[in-house]
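J.: Got a structure here, written out as structure tokens. Questions coming.
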Amino acid sequence: MALAGKAREDFEKKLKPYVGIGIGVEDVGRNPVNQAMIRQWCEAMGDELGVYTDAAAAAVSTHEGIVAPPTMLQAWILGGVAMAGGEDDPRDKQKELHRLFDEHGFTGVVATNTEQKYLRYLRPGDEVRAATQIESISEQKATGLGVGYFINTRTLFYDQDDAEVGSLTFRVLKFETEDRPSASEGEGSSAIPGKPQRIKPVLGHDNEWWWQCVEKGELAIQKCSSCGVLRHPPRPMCGECQSTDWEFIFSTGRGTINSYVVIHYPEVPGYTYPLVVAVVDLEEGTRFVSNVVDVDPAEVEIGMSVQASIEHVDDEMKLPVFRRA
Ligand SMILES: [Zn+2]
């Protein structure tokens, strides 16, 4: 169902003028960098570093006073709840570009990458603003979510003296969803789009072994060879003793629900909604996040006994899912 031939050529011609331009509106922080937001951020992130929240500790640090966590950079300029609703600013070229994609059937959007760079620590009182440029738009790509285009933006952050304090690159995929307008009618396409597949995990040295166990029907849990503590998801180093030696055990899959949410929206292709996502306390003593299936979401409760079963969640991928025990 991808755009092809002349239709694709015409569409891509319309995309070209957006590459390299500023989006036309600046994001200006509504409050200067301040202690209250820093504290709330640190609480939410569980970051207890004194230089962010403890004035006395910060005073004797190399910073000689409170600084904001560098990763808060974008928090200083985000528009808050207002971002989600209201009228689009007609000057906003990024929103205009997204609408152009929508009109051609690429109504899905998912953020795929982000990278931040920090040039200096921000301190209470600093005023932050940000200017965004549309850096590039990819060729049309076939992805796990559907056919689409990657849009890269680059945001430069400035302080009250117009000095650059950091930058953010952000990549989204605008992809074709099934409610496509009739743009491809008349192309003689009778292909029935396949059932959507879930986004596949990125496999590497540190986690591939776990997925190989799943493939064989086993729910494995990594275990520190030095201190014996279990950990999941798989990672190279023990958080307790910093040992990089590890082995693994197989879980019985028995557990109880520690916490859960029921997701109704947004609906990501490849999942069935409402979707119950639970943190399960496995009886071996570690936690595992997965879906609870075949139970009315209204009946799911904290403390419910569940049993894992490894099964196909789409045509290609197997995962442990939980059912009421
Ligand atoms: Zn350990």
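J.: Treating only the Cβ of Lys, Arg, Asp and Glu as charged (+1, +1, -1, -1), what charge dipole size does the range 208-324 show about its Cα centre? Round to the nearest 20 debye.
T.: Roughly 300 debye for the range 208-324.
J.: Let me ask another. Output the peptides 231-244, 269-282 sorted from most to least packed, where packing is the average of other Cβ atoms within 10 Å over each peptide's residues.
T.: 269-282, 231-244
J.: Here's a follow-up. Computed FRET efficiency, Cβ-Cβ of GLN212 and GLU135, R0 45 Å: what is it to the nearest 0.05?
T.: Once the sixth-power term is evaluated, E becomes 0.75.
J.: Which length gain, in nm to one decimal place, applies between ALA75 and ALA142 when the Cα-Cα distance is subtracted from 0.36 nm times their residue separation?
T.: Residue separation times 0.36 nm, minus the Cα-Cα distance, leaves 20.8 nm.
J.: For LYS318, which lysines qualify as cross-link partners when the Cα separation must be under 27 Å and same-chain residues fewer than eight apart are set aside?
T.: LYS318 reaches LYS141, LYS174, LYS195, LYS200, LYS216, LYS223.
J.: What is the calculated FRET efficiency for THR256 to ALA298, with r their C-beta to C-beta distance and R₀ = 25 Å, to the nearest 0.05?
T.: 0.85
J.: Between LEU100 and ALA36, what is 0.36 nm times their sequence separation minus the Cα-Cα distance? Round to one decimal in nm.
T.: 19.1 nm
J.: From the helices alone, meaning DSSP H stretches of at least four residues, give me the mean residue ellipticity at 222 nm for the chain, per-run term -39500 (n - 2.57), in deg cm²/dmol to the nearest 500.
T.: Rounded to the nearest 500, it is -4000 deg cm²/dmol.
J.: Which whole-number value in Å³ per residue fits the convex hull of the alpha carbons of the range 208-324?
T.: For the range 208-324, the hull spanned by Cα atoms encloses 111 Å³ per residue.
J.: Can you put ILE302, ILE221, ILE263 in order, fewest other beta carbons within 10 Å first?
T.: Ranked by crowding around the Cβ, least crowded first: ILE302, ILE263, ILE221.
J.: Toward the positive end of the charge dipole of the chain, about the Cα centre and with charges on Cβ (Lys, Arg +1; Asp, Glu -1), which of THR107, ALA163, ALA298 goes farthest?
T.: Farthest along the dipole direction, towards plus: THR107.
J.: Return the unpartnered cysteines for the chain, using a Cβ-Cβ cut-off of under 4.7 Å.
T.: Isolated Cys, the chain: CYS42, CYS213.
J.: Send over the semi-axes of the chain's equivalent ellipsoid, whole angstrom and largest first, taken as the square roots of 5 times the C-alpha gyration tensor eigenvalues.
T.: Output for the chain: semi-axes of 37, 34, 18 Å.
Quick note: the coordinates plus some simple rules give every number you see, no bench work behind them. This one's a predicted model, so the numbers in the text were calculated from it and none came from an experiment. A quick note on method: Cβ atoms are made from the backbone with ideal geometry, for glycine too, and the neighbour counts reach across all protein chains shown.
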